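Remarks on the structure that follows.
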Amino acid sequence: MALCPPIRLVLLLVLILPMPGMVAGEETRQDAARGPLDGMAFVGMIGPVEDPDVADILYFDEGQFWSKACTRCGFMPSPYYARSVGDSIEFRGELESRDRGKFSYFGTVQDGQITAIIRWRRDRWYWSIDRDLRFEGTLSETTSMTLEAAEETARGEPADPDNCIS
């Protein structure tokens, strides 16, 4: 059965025009997915799997996550994905820096405690880094770094480049 021209035009417009308040192909922050960890921050340590040795705070908000230590080194906040498993929440996400590679987080939150294994991958033409790190922390009452501040920090020059992973 063929559709008459006016109906085809209406269907075409419905398919190609963006929804009100949205730019075609993009979501606004208000429309972004919310995650079950949103509004939480975990204070702890990040570093080698055997003994994390650098103080850090891992933030979750507006469907995004970021690390205070990593944003100072150019790693941008990004979406995280989470699911409930029994009485815990499992999450995953990737933080990426244009100069320092990618951190892939795989973690669990249970009873106010967080543990994450982080795969650091950085490819160069003459060698690559593929190393596991760990973050361990405790739920904090304070969430002092907003998503906007984290993005601004990550876009800037590292305040102390010697303390950034190379």
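Taken as a whole, the structure leaves PHE91 outside the set of residues that are under 15 Å from CYS70 (Cβ atoms) and assigned to a strand (DSSP E or B).
Restricting attention to the stretch 116-159, which residues are assigned to a strand (DSSP E or B), without any contact (Cβ under 8 Å) to a residue 40 or more places away in the chain and within 19 Å of TYR80 (Cβ to Cβ)? Listed by number, the residues that qualify are ARG119, ARG121. (1) more than 11 Å from the chain's Cα centre (by Cα); (2) open to solvent by less than 70 Å² (accessible area, probe 1.4 Å): which one isn't true of LEU95, the others all being true? Of the numbered conditions (1) more than 11 Å from the chain's Cα centre (by Cα); (2) open to solvent by less than 70 Å² (accessible area, probe 1.4 Å), the odd one out for LEU95 is (1). The residue pairs whose first member lies in the stretch 54-68 and is closer than 11 Å to LEU95 by Cβ, whose second member is in a strand (DSSP E or B) and of a type in the set (D, E, K, R), and whose beta carbons are closer than 8 Å, counting only pairs six or more residues apart or on different chains, are SER67/ASP56. Within the stretch 116-166, the set of residues being polar (S, T, N, Q), surrounded by 10 or more Cβ atoms within 10 Å (Cβ to Cβ) and at pLDDT below 90 comprises SER128, THR143, SER144, THR146, THR153, ASN163, SER166.
Quick grid of which residues meet (1) surrounded by fewer than 17 Cβ atoms within 10 Å (Cβ to Cβ); (2) modelled with pLDDT of 95 or more:
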{"position": "GLU26", "(1), (2)": "yes, no"}
{"position": "GLN30", "(1), (2)": "yes, no"}
{"position": "ALA33", "(1), (2)": "yes, no"}
{"position": "PHE42", "(1), (2)": "no, yes"}
{"position": "PRO48", "(1), (2)": "yes, no"}
{"position": "TYR59", "(1), (2)": "no, yes"}
{"position": "ARG72", "(1), (2)": "no, no"}
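Of the residues making up the stretch 98-115, those that are open to solvent by less than 90 Å² (accessible area, probe 1.4 Å), touching a residue at least 24 places away in the same chain (Cβ under 8 Å) and closer than 13 Å to CYS70 by Cα are ASP99, ARG100, GLY101, PHE103, TYR105.
The values are calculated or read from the model by the stated rules, or taken from the named source; none is laboratory data. Please read all numbers here as calculations on a predicted model, not as lab measurements. With ideal geometry, Cβ positions are generated from the backbone for all residues, glycine too; neighbour counts draw on all protein chains shown. In case anyone asks, the SASA skips ligands and DNA or RNA and just uses the protein heavy atoms, side chains included. Shrake-Rupley method; radii C 1.70, N 1.55, O 1.52, S 1.80 Å.
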